[in-house]
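Bear in mind that the values in this text are calculations on the coordinates, not laboratory data. Remember, it's a predicted structure, so these values are computed and weren't measured experimentally. Reconstructed Cβ throughout: ideal geometry from the backbone, glycine too, with neighbour counts over all protein chains shown.
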Ligand code: ME8
Ligand code: MG
């Protein structure tokens, strides 16, 4: 790629299930980088897509009773929808079933075959379907012994196949890794690859007999076979970047600047892919960056196969798309593993977004509106301390983002935001307003607005919608940012980009504070007891879940969540004047006045025994008149026809019951 070009790829995802945060993570990271380079005025190519051939996808299709292509056509819609929802602005979404890709794979195979890089041999070995790779007997035994995998994860295949002479390239790969220390990033991953290459490298089986597994691209030189899924999938990076193998026009997008992947597929990229490119005589990518894993609460890698995954749509529903993008990139160092917890997300959301950023924006806009007529104020010159800090922020942010160190880049922005709130506290614009020091007030508010503008600009690649919204409130737009970044990179105009007299808009808060986990997420924990003791593996327990539950008119959580239950305390209780079964109570729900509630419990409870009792009240039951007395809620009682007790809890009036 030339200097003005930035080309980035993600792995192409298997269509054996729906996306989870792991897939969203890689894709969001690539999108953030692509957006940054577009804002810097570079020509960008961002490639992502789906991996549709092979045993694993075929089996997923068979489970659904669909042909593999029907299955993929159906499922790919879900992946594209995830990408659209998460504002993934790719330049191409490649599917390995696309015609141009199939043609390129066949051309690659034919060229290698013609050059004697492919030969036929007998093969006998264990195949790990989950990863679509053959493994050695030793590796299989080890991974079963550690409990990571089961015997059923492997199949023994014994067949004649076609092989790529990968071993031939071992030394060339070692030499390349030595001369290009930044080819595989981060360093610990590079060391892992070197470790792998310290043992002799074998050849790569690149075919599958159609008689056993026919879902793939046909070998052009042997129609009884299809291409091995990884050999097919890796070549997507050439197809998707228009890198022809037939002497077609040159493309500015290959070699890619960065190829992102998770550490689970390091070997296939750092060894298979690089040696394939060597054999084809095609340039290697500039960098292969293997990031870490999101692990779930149980410390396990999240995966479609394990079923312990976090649903990205639930995060987007509960916290918003932009908050999710920021969280994923902010929480763990790109390269390291991280544990996902909803509580951690909630805390991070409130601290960084609702409090720090939301607060700075709200203060800047609402004070300017109240005291300065709601337009960008004029001022003499920016505060020099702020300008120095802005420079420092820029110098921390830019190289971090360009090296895909999103966490460090975001830390620089949020430090800047916190400095903004401190600046306001110290400058005390409210005091300046009171003292009538309009010139100083204008200057302080302008500086504060400029701080918001810089924060929005630097956050734009990470949270395009919310940063865009903030820019809009400041009378600017995402387009303005291109120009600002160009000026800032030339060393100009920090804390000085807004146009005086431009109208400001206060509007709604960018990130409303969340007092608790969003209901749909909280419901996950109610459904599952937090830490049930692990079942002993020796005994064969009678599975209770096999005994059917009674037929009930089941409701969804959403239906239940419409009912607001609140703790109340009975302050007064009397017999109803016109109905001899009813008691009329005054109940404190922690509201401005007690509620009047009628209940048919007089046969069981003498009114005076109710005073002082803590009860549970349906607080949002529509008030109605009962024999001339209003009833503004309902008290929960146990028993059927005959009430036996009132429901109670140790809590204070107004507390929520769920
Ligand atoms: O491996 N944490 O596809 P795949 C972080 N089709 N990232 C994760 C993750 C997690 N828990 N789980 C998945 C394949 N990922 C092949 C790739 S490329 C030519 C072919 C991300 O559907 C991460 O990027 O299993 C990982 O490498 C990728 O999804 C694997 O997706
Ligand atoms: Mg996988």
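What FRET efficiency do you get for residue 123 and residue 103 if R0 is 25 Å and r is their Cβ-Cβ distance, rounded to the nearest 0.05? According to the calculation, E is roughly 0.35.
The sum of -39500 (n - 2.57) across all DSSP H runs of n ≥ 4, divided by the residue count of the chain, sets its helix-only mean residue ellipticity at 222 nm to -12000 deg cm²/dmol.
Placing pseudo-labels 7 Å out from each Cα toward the beta carbon at residue 283 and residue 487 gives an inter-label distance of 3.5 nm. Under the shape rule built on the C-alpha gyration tensor, where the axes satisfy a ≥ b ≥ c, the stretch 1-120 is oblate, since a/c reaches at least 1.5 while a/b does not exceed b/c.
Rank the residues 655, 645 as a footprinting-exposure proxy: fewest other Cβ atoms within 10 Å of their Cβ go first.
Lowest count first: 645, 655.
The antiparallel fraction among DSSP beta bridges confined to the chain stands at about 65%. Note on residue 175 and residue 351: with the Förster distance fixed at 41 Å, the Cβ-Cβ geometry gives a FRET efficiency of about 0.30.
Between the alpha-carbon centres of the stretch 631-658 and the stretch 261-295 there is a gap of 62 Å. Protection proxy ranking of 230-239, 467-476, 572-581, by the mean of other Cβ atoms within 10 Å over each peptide's residues and highest first, is 230-239, 467-476, 572-581. Of 283, 450, the sequence from fewest to most neighbouring Cβ atoms within 10 angstrom is 283, 450.
Neighbour counts of C-beta atoms inside 10 Å place 615, 326, 506, 133 in the sequence 506, 133, 615, 326, starting with the fewest. Site pair residue 435 and residue 647 shows an inter-label distance of 5.9 nm when each label is modelled 7 Å from Cα along Cα→Cβ. If you plug the beta carbon distance of residue 526 and residue 160 into 1/(1 + (r/R0)^6) with R0 = 41 Å, you get a FRET efficiency near 0.15. Between the Cα long axis of helix 321-331 and the first principal axis of the chain there is an angle of about 70°, rounded to the nearest 10.
Evaluated at q = 0.07, 0.08, 0.10 Å⁻¹, the base-10 log of the normalised Debye intensity for the chain, with identical point scatterers placed on the Cα atoms, takes the values -0.64, -0.78, -1.03. With the simple model of a label 7 Å out from the Cα in the direction of the Cβ, residue 608 to residue 592 spans 3.5 nm.
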